[in-house]
Every structure is written in C-alpha cells, then in structure tokens.
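First up is the structure itself, then whatever we jot down about it.
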C-alpha cells in the first residue's frame, strides 16, 4: 500500500474514533432536513447604465424556495417577477408609464444560491444566509426598444417560518431577499453597471 | 438522474434566450425602436469613394448617400423658411456610407441655420451595421443605434457645379451625383452580368435601398432579432415603411414586408423577403421583392423599369448569404422580361464604380 493511502486511512480511523469517543445524546447532530416552499409577493429592482442612468421597476413575483441541511443550510431563493411599474427621470429620458401596456412580454427571473445558519425558537424558525445572486430581465415591445439584462452579484436571504399543527411538516413563512449585482453577463455595448433588487414573499411549504 | 436532462434543457433554453439579446444593450425606458423623421421634400445624391485604409491590400470601396429635405439644393433656404413658419426645427438630413461588404453607417439629423445664419447639420442619431460573417450569429453585434446625448454639430456647404452637387461636410468636400442620373445609367436590356449598368449593377442599386432601411433596424443581422417576435414597423426616409416580424424564438423565421417602401429617391420596393434560418443562422430564403426604378419624380413619371428579386434559391450560412443564387427578373414576368441568375455574394459586393467611378466623386 502506498504511504499516502496509509496516511489517509489513519486519518479517517482517528476521526471516527474521536467522534465515537465524543458521542453524547445531547450533542448529537440533528438530521438533515429539507424545506420546500412556494410563495407570492412583491419585488423591486433598480438598475443603472451609462446609457440610461437609474431606472426603477417593481411588480408582483412568484417564487420557489428551498433549503437543506442541519444548522448550516444551503438556501435557494428563486422567483419569476412581473414588473408592472417602471420609472425613470434623468438626463437620459423620462418615463412614467404603465409597463404592462407599453411592454409585453415583461418578466424576469431571479435566483440566489446561498449558505446560511438556522435558529429555532419554539414554533418559529429563522434562516439567514448570503451567496451568489443572478437576475435576468426581458421587456419587449413592438414599438419600444427591448430592455434585456442578465446580471450577477451577491445576495442575502432572511427566511422566517412557523410550523402548522403539531407535526413539524407544513409551515407558512415570510422570505425577504436583497441583492446587489455588479456584473453584466451579456456582451452588450451599454451594460448594466449596478442592479439592486429586493423582495418579500409570503410562503407556504413542507419540511421533511 | 431523470431531472438532469430537464435541468439541462431549462439551462440551455435560458442561455439561448439571453444570448439572443440586443447587443446594443440597455436603453432608456420608453425609447422608440424607430426614430426616423421622414423627409417632406427630398433629393438623394450619391458617389463612390475609396476609404483611405486598405483591406487585404486593396482600397475599400464604399458608396456615400446623402438625402436632404429639399428637392434641390437651391431650395434648402426656402425649405428652412417653411420649416421655421411651421415651427419645425430644420429640415431632414441623412448622410450614409455603405461599404462594399455591406457594413454601413448612417448619420441622422437636421439641417439648420446656426446663430451666424450659416447652414449646419445637427446629428442626433448614428446607426451602424458591421458585416461580421466570421462571428457566430449570436455573438454578432447586429445593427446598433447610438443616440447622442448632445447633438453633433457639423458645418455643411452645398454648391451646384453643373448637374453635380459639391457638398462639404465638416470641412471635407466631395462631388455627388443625383441618384436618378445614376439610375439612368442602368441598362435594363443588358444581358452581360458584369457590364456597366447590367444586372449586377441593377441588383446593387436595389440593395442600396434595402441597406438604408436594414441598418436602422436595431439588432438587424444579430441574435437580438428575436426581439421582433413582436412585429415592429419602421418608417422610411422618404415614403411609407416596412415591417419586421420574427415568427418565434425557437424557429426565428424573419419576414420583412415592404409596402411601396421608398428609402431613396427613384427606388420603390414592394413585397416580402423571408429568411428561414435556425439559431445557428443556417437556412434558406424566400419571397420576391418588386422594385421600381425612376429617373425622375416618382409621382410624376412612369417607372424607368421594374425588376423582381426572387430569394428562393439563396442559402443562408451563419446568418448571411452563404450559397445559392438570386434570380433577378427585369421587365414584366408575365410578358417581355430578362431573367438573370446572380451568385449569392453579390449582396456583399456593393460597388458602383462600374457606373459611378470614384473619380466622379472627387471635389
């Protein structure tokens, strides 16, 4: 057997021995749990580029949320957004119209992959985490220039849920999300320089 | 494992959707796709020119096109007075350079009198199109419109020298020929493809009009054409307009419908041009365009001749003509006519030096 293999085996053996020695029912690790939820809510985003200055949008959103792990959890916050209001008023132009009548289709997708920590208080669970955020948006129109962007940056998630009933199976919750993107993933002449987005979703889900 | 193909499909669809975007980038909310202001009165002037730079050791041939908002340069002052009375700012001004390979730039603005009561061109919009066959369809820039934050002011001067216009733009003089006079140099009865004024020159003259329109279509020739999943209408510089319609994101057949479209004096295009290409830019073309050529005002004269361009035999590779032929029929297809078969590369051979030598355009 090669020396590297021997060293690895020794390390594994030592670690399991230590784990066995420290085994204590009170300190036993909780099982891995998974929580799936869907939700509806409202979102906003603000972006700026050299060609447009600041433009802000907001509207309803529909999301799918997931987290998995023990105390340290992997989190996914994903949603489809439907901007219904868009505004800008700067040296590049002024717009205060109704997006739903001027642009169709008008939608976006938004996802944050994060790592966070869970705290439990009686019937309530709080998970807070941070990670990578991506957002894509497409507003199209027959008369107006399409607005298309795909951006990437960092995002944070705060997830609060209350269990329904005695079994910790179903839950309702609130999901808050904020992100800042500084990278435009499209090879465009006038790129998005900065995008800020936030949302709140009311959720219902299942944990097992 | 069963989820993986679905996930890959979703990721591929998302990637396709977002790579097929307008490479021009983000535009202000409410910006119109079409900002052309058609000319009320108009005249069109052209010349062949050589770019000072070389391509493959040879000078780059280009065609300069000037459309001004007066039926004759001598009437510019009168048209400006009329515009003032109507409380309009100046008269229309379009100045374009179309390279032999179809790369193009169009300056759009207005002719005005400045504070010193001298003529000046105020350029507010610049359109650009780069012929990029070496790039994949989705990474190609396509036509781009730049709206200048501050108008670019350029001194201009117009002086007639016989039938030619001595036009000075920003200090650079050139001699332009009225387009109707160049159209009169076309010979509808010529059968030799390469002959001066022959079938190839007829096609080039027709194509000059198309280039003037296509360069103004944001994302034209690039992946961003998918934005025309919502059909868009464009106004022509002189009269009427055209419509761009893409059938769907996954099968992006492009229908461009011309309705007696007049981008330049003396040329009217009508019909539908269809490009059946997939997202890799491979496919075929279809449709027939009818083009009427005039040697005088279109509303006063009968056409000099009519031609038809049939696209049915054109093969599309990487989003541009990559094989096959155009069929150019000159005359009445039901009666006396001549049919010519032109190789696909005529579309990127926009060179009028056969009938409009470079020397004719020198000051």
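Read the figures in this text as sums done on the coordinates, not as results from a lab. All values reported here derive from a predicted model rather than from experimental measurement. Note that we place each Cβ from the backbone using ideal geometry, even for glycine, and neighbour counts take in every protein chain shown.
Assuming R0 = 35 Å, can you tell me the calculated FRET efficiency for the pair residue B:149 and residue B:72, based on Cβ-Cβ distance, to the nearest 0.05? Don't jump to the answer; show the numbers that get you there.
Details: r = 34 Å, r/R0 = 0.97.
So, using R0 = 35 Å, E works out to roughly 0.55.
Please rank B:299, B:345, B:270, fewest neighbouring Cβ atoms within 10 Å first, as an exposure proxy. If you can, show how the numbers build up before the last one.
Values: B:299 7, B:345 12, B:270 18.
Ascending number of Cβ neighbours within 10 Å: B:299, B:345, B:270.
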In degrees rounded to 10, the 0-90 angle between helix B:3-19 Cα long axis and the longest Cα principal axis of chain B is 0
Would you work out the relative contact order for chain A, in percent, from Cα pairs under 8 angstrom that are 6 or more residues apart? 20
Would you mind computing, in nm to one decimal, how far apart the modelled labels at residue A:72 and residue B:253 are, each placed 7 Å from Cα along Cα→Cβ? 5.6
Taking the inverse of the average 1/r across all pairs of different Cα atoms in the range B:194-269, what Kirkwood radius in Å do you get? 13.4
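Using a ≥ b ≥ c from the Cα gyration tensor of the range B:38-78 (square roots of the eigenvalues), is it rounded, prolate or oblate, where a/c under 1.5 gives rounded and otherwise the larger of a/b and b/c decides, a/b for prolate? Please list the in-between numbers first.
Details: a/c = 5.16, a/b = 3.65, b/c = 1.41.
The shape class here is prolate.
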Where a ≥ b ≥ c are the square roots of the eigenvalues of the C-alpha gyration tensor, would you call the range A:30-207 rounded, which needs a/c under 1.5, or, failing that, prolate if a/b is larger than b/c, or oblate? prolate
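At a 10 Å Cβ-Cβ cut-off, how would you order B:216, A:73, fewest neighbours first? Working shown, then result.
Working: B:216 28, A:73 22.
Ordered by Cβ neighbours within 10 Å, fewest first: A:73, B:216.
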Along principal axes, largest first, the alpha-carbon spread of chain B in whole Å comes out as 77, 52, 43
Can you give me the angle between helix A:3-21 and the longest principal axis of chain A, using Cα atoms only, in degrees from 0 to 90, rounded to the nearest 10? 80
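When N counts the residues of the protein assembly as shown, how does its alpha-carbon radius of gyration compare numerically with 2.2 N^0.38 Å, as a ratio?
Details: Rg = 30.9 Å, N = 571, 2.2 N^0.38 = 24.5 Å.
In units of the globular-protein estimate, the protein assembly as shown measures up at 1.26.
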PRE zone check, label point 7 Å out along Cα-to-Cβ of residue A:117, amide N under 20 Å, scope the range A:66-107, hits A:67-76
For chain B, find the longest principal axis of its Cα atoms and tell me its angle to the long axis of helix B:199-214, 0 to 90°, nearest 10. 80
The FRET efficiency for residue A:33 and residue B:136, from their Cβ-Cβ distance with R0 = 45 Å and rounded to 0.05, is 0.50
Once every DSSP H run of n ≥ 4 in the protein assembly as shown is given -39500 (n - 2.57) and the sum is divided by its residues, what mean residue ellipticity at 222 nm do you get, rounded to the nearest 500 deg cm²/dmol? -4000 deg cm²/dmol
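Looking at the square roots a ≥ b ≥ c of the eigenvalues of the Cα gyration tensor of the range B:62-194, which shape do they give, rounded for a/c under 1.5, prolate if a/b is larger than b/c, or oblate?
Working: a/c = 2.38, a/b = 1.23, b/c = 1.93.
Taking the square roots of the gyration eigenvalues as a ≥ b ≥ c, the range B:62-194 is oblate.
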So what does the Cα-only Debye profile of the range B:231-361 read at q = 0.13, 0.21 Å⁻¹, as log10 I(q)/I(0), no solvent term? -0.65, -1.36
Output row, site residue B:312, 7 Å Cα→C-beta label point, backbone N cut-off 17 Å, window the range B:251-281, residues B:271-276
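What full-extension length gain, to one decimal in nm, is calculated for residue B:362 and residue B:337 as 0.36 nm per residue of separation minus the Cα-Cα distance? Write down the numbers at each step before the final one.
Values: separation 25, 0.36 × 25 = 9.00 nm, distance 3.68 nm.
Difference between extended and current length: 5.3 nm.
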Calculated FRET efficiency, residue B:302 and residue A:98, Cβ-Cβ r, R0 41 Å, to nearest 0.05? 0.25
Modelling each spin label as a point 7 Å along the Cα-to-Cβ direction, I'd like the residue A:168/residue A:80 distance in nm, to one decimal. 3.3
